[in-house]
Amino acid sequence: MNLFEKMFNYQMMTRLNETGLFTWTSQERAWLRMMLNHPAAPEAINPDTLHKMHDMLDAEQDLDLQDYLTEKAKSEENSVFHPLLKPLRQMILHHQGFRLTGRVRNGRISQDQFGYPYKLEYSMVKKEWYVLWYAPLYNKLMSTKLHSIITAEAQPLQPETASQYAAKIAILTENRKTTLMIEVLPEFNQELSRILYAFSCFEKQVEFVEAQQTYRIELTIPRNEMDYVLSKMRFLGKRVRIADNAALRERMSETAAKVLARYAETELEALPERTSGGVRSHTIEKPFANADGSDSA
């Protein structure tokens with residue numbers, strides 16, 4: 001593709017975005033048609049919307065992955081759909097509050113908790129849905145599993161009140177964030193795209209230090225995501241290092257020391273010896289000492 005084609009495509013995509021239009025490929029349409037055939041689709045999508053999408057994709061070719069993929073040893077999965085998803089999504093779209101009754105950690109029932117929901121979040125690790133909400137009584141941001149909720153009743157709010165809650169949510173969310181500087185070792189500069197993909201879910205700024213031929217990645221992350229960042233750092237291994245956070249550097253050092261300790265050899269550890277009949281082990285023996293302290297021959 002030459003320069004003029006790139007300029008034309010950029011201008012076309014810009015105008016489409018300004019008019020609110022969205023373009024999609026035939027593969028994306030075929031994938032969406034396959035997803036609409038999932039058993040959870042009628043529960044997750046309104047009937048009118050589902051019928052309209054089926055009509056739009058009726059002429060598309062089926063994406064049959066069973067001819068190419070074989071699924072083995074699959075564990076039992078729970079449905080990704082939860083009955084509270086629809087009502088909570090409507091509350092968020094209409095800027096409503098709710099009255100929450102649910103189970104807390106110690107087994108007791110928490111009743112009539114007023115809150116303002118602002119986001120639904122799915123944990124890929126725990127396979128669970130969460131609702132994120134603001135508690136005006138405590139001025140805190142809360143996170144509740146949907147399966148822990150017994151009832152959630154919508155509460156209408158005045159537009160001014162909803163705007164105030166949204167502003168407080170933005171302030172509290174910003175206060176929860178912190179920055180972290182990560183350096184890419186120069187010999188792995190060619191793997192920058194892979195490293196950036198590992199942190200794709202966070203806000204980041206990339207700077208190239210020409211004097212050192214080093215890329216520096218500044219991550220902006222919530223404080224409760226530190227463990228996730230450390231897991232990605234361990235995954236990337238010697239390609240990256242933390243540049244500015246002493247506490248996280250210490251945690252990475254402790255992790256490395258514990259891993260090395262698992263493979264450290266002790267003086268009395270049995271050593272394998274290969275023989276014609278297989279492998280035989282023997283221990284390292286020390287010379288016997290005489291009563292006068294000299295070693296015996």
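Computed from the C-beta positions of LEU230 and VAL104 and an R0 of 25 Å, the FRET efficiency is 0.30 to the nearest 0.05. Carbon-plus-sulfur accessible fraction, segment 29-134 (probe radius 1.4 Å, protein heavy atoms only): 52%.
For segment 162-263, the carbon plus sulfur part of the accessible surface works out to 51%, probe radius 1.4 Å. List, in order, the whole-Hz ³J(HN,Hα) value for each residue of segment 221-235 obtained from phi through the Karplus relation with A = 6.51, B = -1.76, C = 1.60 and θ = phi - 60°; use x for Gly and Pro. Result, rounded to whole Hz: 9, x, 5, 7, 9, 4, 5, 5, 4, 5, 5, 5, 5, 5, 5.
In whole percents, the pair-distance distribution calculated for segment 91-178 from its alpha-carbon pairs, binned every 10 Å from zero, is 16, 49, 31, 4.
Across segment 140-153, coupling constants 3J(HN,Hα) worked out from phi with the 6.51/-1.76/1.60 Karplus curve, θ = phi - 60°, read 10, 8, 10, 9, 10, 5, 5, 6, 8, 8, 8, 9, 9, 9 Hz, and Gly and Pro carry x. Taking amide hydrogens as placed 1.01 Å from N in the peptide plane, the amide H of PHE114 sits under 5 Å from those of LEU100, each at least 5 positions away in sequence or on another chain. Along segment 88-97 the Karplus relation, 6.51 cos²θ - 1.76 cosθ + 1.60 evaluated at θ = phi - 60°, assigns HN-Hα couplings of 5, 5, 5, 4, 5, 5, 9, 6, 9, x Hz to successive residues, with x for each Gly and Pro.
Taking 7 Å steps out from each Cα toward its Cβ at THR173 and GLU191 produces label points 3.3 nm apart.
Accessible area per residue for segment 30-174 in Å², computed with a 1.4 Å probe and the full protein assembly in place, what is it?
Working: 10430 Å² over 145 residues.
Here the residues of segment 30-174 average 72 Å² of exposed surface.
Once the chain from THR25 to ASP64 is taken as fully extended at 0.36 nm per residue, the excess over their C-alpha distance is 12.4 nm. The charge dipole of segment 23-165, taken about its Cα centre with unit charges on the Cβ atoms of Lys, Arg (+1), Asp and Glu (-1) only, comes to about 920 debye.
The values are calculated or read from the model by the stated rules, or taken from the named source; none is laboratory data. Not measured: the values here are computed from a predicted model. Using ideal geometry, Cβ is built from the backbone for each residue, glycine included, and neighbour counts are taken over all protein chains shown. Ligands, DNA and RNA are excluded from the accessible area calculation, which covers all protein heavy atoms including side chains. Shrake-Rupley method; radii C 1.70, N 1.55, O 1.52, S 1.80 Å.
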